[in-house]
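Shown next, in structure tokens, is the structure this report addresses.
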Amino acid sequence: MTALLSIENLSVVIHRPGRRIAALSDVSLAVDAGEVVGLVGESGGGKSMVARSIVGLLPPGSHATGRVRFAQSARAASHGAVDHGVAARHAEELRDQPDRVGWVDVLTMDRAALAGHRGRGAALCFQNPRGALSPTRAVGRQLTDRLTVHQGMGAGAAREAARELFEQVGIRDPGRRLSAYPHELSGGMAQRVMISLATGCAPGLLIADEPTTGLDVTLAREILRQLRQAADTDRRGVLLISHDLAAVAEVCDRVVVLYAGMVVESGPAGRVLRTPAHPYTRTLVASVPQVDGRRVVATPGGMPLLAQAPANCPFAPRCGHADDTCRSQRPAISEWGAGWRVACFHPQSDGPGTQAGGARTATQAEPAGPRPPAGSAAPEPPAVLSVEDAHVVYRSRFGGGGHHALRGVSLQVAAGETVGVVGESGCGKSTLARLILGLIRPSAGRVRLAGHDLSRVRGRRLRALRTRAQLVFQDPIGSLSPRRTVADAIAEPLRAQGVPAAERAGRVAAALARMGLDESILPRRPHELSGGQAQRVGIARALVGGPDLVVFDEPTSALDVTVQAQILQVVAELTGDESRGRVFISHDLATVRGFCDRVVVLYLGRVVEEGPVAEVFSNPRHPYTRALLSSVPSLGAGFAGPRLELVKDLEEVDAATGCPLAARCPLATDRCRAEPQELVGYGASRAACWRVPELPELLRGGVTHA
């Protein structure tokens, strides 16, 4: 194969007033036509700087050396219409007739050449689709504008091409979706629109920057399929930047690992991420939660911010294998196997192991797992939260219809217990969190917090009761006021409780110490914190007032894998606290497996399965739970047992009659479509499916997809 992109010894230095940052140091990598290459590493490692170099969008004050060469034939392919067959033919020419290839260096392009290169030569698919899409214009208009400007199409042809692009990325009823605004789309649908915008000009290279962050497992799997299809069907090159190592191992052909702006390991994705050779890659792998409940290993310390290219191994301070050679010399990247290269004086050959590949002082966060049943003499712990047959209906602003977000949900959380809540986007998880926190009232049913019925209190009593439940947000920096210092942010719940100033200072310091943070960060503001520091501040703020209940809403989804492991270590320590209950809402089923006692599975506002987390995850009774677990990528064995795949998107389903999953379930019968399902006990768990006794035989028969 011939490379579409060839980066050779790329170094980027950023000059800022009073400081100098060596963002990249001698980075070399290539992407071929029809190939998906993964780019992984911690935040600050240089992944986004590589992407910006490819499209000529380096920040002001940057000085780049080396070469970022783009194949001219690939660029010629991108100048055609949105005919993917044209792009494919050019890619075939590039592969079969390498002597015809000409190269252009992005670093030497003038402004006009860059304008043609961006979008047509290489296109960038952003991490936050709603942030990248204009909120005031229909998504179809945004796509047709791009086609008319870059492809010279008329209005009618552009709209037809836009409809075809939406259809190609799996958007159902594309004609109707062209008129939708970004806020009317689910996260997965918005990401598919973003892919359409990126591919609309038929680029030779598609760069996907964290395309699955914040998406549930089924949506993430579908987005990754779209990227794989872009390589296999359209012969595009794809550069996938991601924190999700398991997904990278499944979808990528090769992987490149960055640390402190330099390549430390590269090679076949499956081999590098399952049996890594570099100690840093091993720490990344050990930091990833697994659905089988394997322990997470957190590596202390952080990546250095370098002022110049490193003269030694930048990972040496965090590596248990480091010696004087590592601390005085920079290892050259050398061959480790066929197509496998490592920059290390002491590469390992025995797989990731349990000690994070030799991390110096790794801390193991043991999974909480299900608690043993209490003996007959042991009193039952008090319930800090009780949700009984709760319904929530969001009424239309104009009085007609409405959205039934929760349908008869019941949930109990005892002191000292951690309950996980899982399900796809749109299933009602966020509505349940708002209900628990007293931010909305149930249309029917009852919510009791610390023994008090939230619907029966008003005014000051309600505000005081709300302080008994605290929320840890998904976006750690966005959840903190940019105008307030860390000290003010943590003290906020104490001010709401009327705690005197002198006592507040002591309690804030104690909460900060519990999170492993130094008091020197108290005067800082959110923009001065790393993602991990900001999330620790958020947890400290939630705990400082001594709440009865803490709700964790996707607390690690915005963090890279090593920081995730450090935060999960904090969460693991909190699971040993018997004084309060915890609700853990997450798309990451592997994290829920490791840190929860029980799990509740929501689908379209209904509880379809609940029970001890170990039992539900090892032997899921409901087809929906099995389908979720089947979609989880894994670096290890993954979900054991027969797998199941659903057939339609969640938002295309009408749950008005019968089983809400019937339209998507390959095992559904006429009875499923006609009869509502109720939770029935099976061992220690409960599931809402009348076919549970038949499932083992059905799955053995190979009915795993539509």
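Here, each number is a calculation from the coordinates, and none is a lab measurement. A quick note: this is a predicted structure, and the numbers were derived from the prediction, not measured. In this analysis, Cβ positions are derived from the backbone assuming ideal geometry, glycine residues included, and neighbour counts consider all displayed protein chains.
Nearest 20 debye, what's the magnitude of the dipole of the range 542-681 about its Cα centre given +1 on Lys and Arg Cβ and -1 on Asp and Glu Cβ?
Once rounded to the nearest 20, the dipole reads 400 debye.
Using Cβ counts within 10 Å as a stand-in for footprinting exposure, how do 490, 521, 539 rank, fewest first?
Listed from fewest to most nearby Cβ atoms, that is 521, 539, 490.
On C-alpha positions alone, give me the angle between the axis of helix 501-514 and the longest principal axis of the chain, in degrees, nearest 10.
Approximately 60 degrees, to the nearest ten.
Please arrange 562, 144 by counting, for each residue, the other beta carbons lying within 10 Å of its beta carbon, fewest first.
144, 562
Can you list residues from other chains, or at least 5 along the same chain, whose modelled amide H is less than 5 Å from the amide H of residue 406?
392
For the chain, what is the mean residue ellipticity at 222 nm derived from helices alone (per DSSP H run of n ≥ 4: -39500 (n - 2.57); sum divided by total residues; nearest 500 deg cm²/dmol)?
-9000 deg cm²/dmol, from helical runs alone.
If you fit an axis through the alpha-carbon atoms of helix 111-120 and take the longest principal axis of the Cα set of the chain, what angle between them do you get, 0 to 90°, nearest 10?
Long axis of 111-120 versus the principal axis of the chain: about 50 degrees.
Just want the ordering: 439, 58, 284, from fewest to most Cβ atoms lying within 10 Å of their own Cβ.
439, 58, 284
Taking the Cα centre of the chain as origin, sum charge times position over the Cβ atoms of Lys and Arg (+1) and Asp and Glu (-1), and report the length of that vector in debye to the nearest 20.
1980 debye
Please report the spacing between the Cα centers of the range 104-176 and the range 459-512 in Å, no decimals.
The range 104-176 and the range 459-512 have Cα centres spaced 44 Å from each other.
Taking Cα atoms, how many degrees apart are the long axis of helix 486-496 and the longest axis of the chain, rounded to 10 and kept between 0 and 90?
It works out to around 20 degrees.
Just going by the charge dipole of the chain, with Lys and Arg at +1 and Asp and Glu at -1 on Cβ, which of 109, 535, 147 is farthest out on the positive end?
535
With charges set only on the Cβ (+1 for Lys and Arg, -1 for Asp and Glu), what does the dipole of the range 214-350 come to about its Cα centre, in debye to the nearest 20?
About 60 debye.
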